[in-house]
Amino acid sequence: MKKSKLKAITAVLLAFIIIGVFFAALGAGVITRDKKYMKSAESESAFISSVQLENGERKYILWYNAEGKNYQPYYDDYNEDDYIGKEIKVYFTKGSPEKIFIKTEEKYFIFLYAGLALAAVSALILAFALVPVKVRKYIKENGKTELVRIEQAVDVIGGQKILCDSTKIRGKNAPPFKSKTIKQKLPKEIVNTAVTVYYLPKRKNFYYVDTETIKKKDGAI
């Protein structure tokens, strides 16, 4: 993957992570605030006393008694399974029983979970994009190099991979080295030519086939 493309992908994924964290923090903040309010607020049991039709829409009316007075506000957060006589707990600040709170709006739970999911998925994709690059860089800077023979090019999803002789490094009957996926169609002439492999001497299964060093018999690809 080219550096410019990797930088663009990294920037987009980081933006998604930031957006996800923002929405998750917004949802978590409101949910936490509401829970703290419900813990410290006064509460009473209210009942759905009646339902009215207005412009084709149902409007529920609550009834509750607080601080010696009866109140009958509209109940906007109703569900399909609500019914007349259903008990609902209402919360209010002492001295203002007419200003009730019932529950946190569902959208803030959506913000929380969708934000967490967006941030987590973006972080996972970013890790899959960056980890191989970091691993290759580490092997290249701390490992050894060897020219090895290209045995064949095989078709894979998204392009081709080259299989290279590994007996020089990993011994007899060792499985071949495999390159990363190469998007371009490789010419047959690369078979039996050389390519550079970087590897860690103490952990020979950690290697990197530098496909940019593939040479045709008459020059570079």
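Read-outs throughout are calculated quantities, based only on the coordinates presented, and are distinct from any laboratory measurement. As the structure is a prediction and not an experimental result, all values here were calculated from the model. As a convention, Cβ positions derive from the backbone with ideal geometry for all residues, glycine included, and neighbour counts pool all protein chains shown.
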task = Please name whichever of ALA127, PHE206, GLY159 sits farthest to the positive end of the charge dipole of the chain, dipole taken about the Cα centre and charges placed at Cβ: Lys and Arg +1, Asp and Glu -1.
result = PHE206
query = What whole number of Å gives the distance from the Cα centroid of the stretch 69-114 to the Cα centroid of the stretch 41-56?
reply = 9 Å
task = Calculate the dipole size of the chain relative to its Cα centre from +1 charges on Lys and Arg beta carbons and -1 charges on Asp and Glu beta carbons; express the result in debye to the nearest 20.
result = 2460 debye
query = Relative to the longest principal axis of the chain, what angle (0 to 90°, nearest 10) does the C-alpha long axis of helix 106-142 take?
reply = 20 degrees
ask   = Loop-only check: which chymotrypsin sites (Phe, Trp or Tyr not before Pro) in the stretch 122-208 are DSSP coil with at most 14 other Cβ within 10 angstrom?
value = none
query = Distance in nm between label sites at LYS134 and ARG203, each 7 Å beyond Cα in the beta-carbon direction?
reply = 1.3 nm
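What does the charge count around ILE157 come to, taking other residues whose C-beta lies under 15 Å from its C-beta (Lys +1, Arg +1, Asp -1, Glu -1)? Walk me through the intermediate numbers first.
Values: positive: LYS161, LYS178, LYS180, LYS183, LYS185; negative: ASP155.
After counting each charged neighbour, the total is +4.
Report the full-extension gain for the segment LYS99 to ASN192: residue separation times 0.36 nm, less the Cα-Cα distance, to one decimal in nm.
Details: separation 93, 0.36 × 93 = 33.48 nm, distance 8.19 nm.
Full-extension gain reported as 25.3 nm.
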note = Per DSSP, the loop-located GluC sites (Glu not before Pro) within the stretch 70-154 having at most 10 other beta carbons within 10 Å are GLU80
query = If R0 is 45 Å, what FRET efficiency do you get for ASP155 and LYS39 from their C-beta distance, rounded to 0.05?
reply = 0.10
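Between LEU53 and PHE22, how high is the FRET efficiency from 1/(1 + (r/R0)^6) when r is the Cβ-Cβ distance and R₀ = 35 Å? Nearest 0.05. Don't skip to the answer; put the middle values down first.
On the way: r = 40 Å, r/R0 = 1.15.
E(calc), rounded to 0.05, equals 0.30.
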query = Between the helical axis of 3-40 and the dominant principal axis of the chain, each derived from Cα atoms, what acute angle in degrees is found, rounded to the nearest 10?
reply = 20 degrees
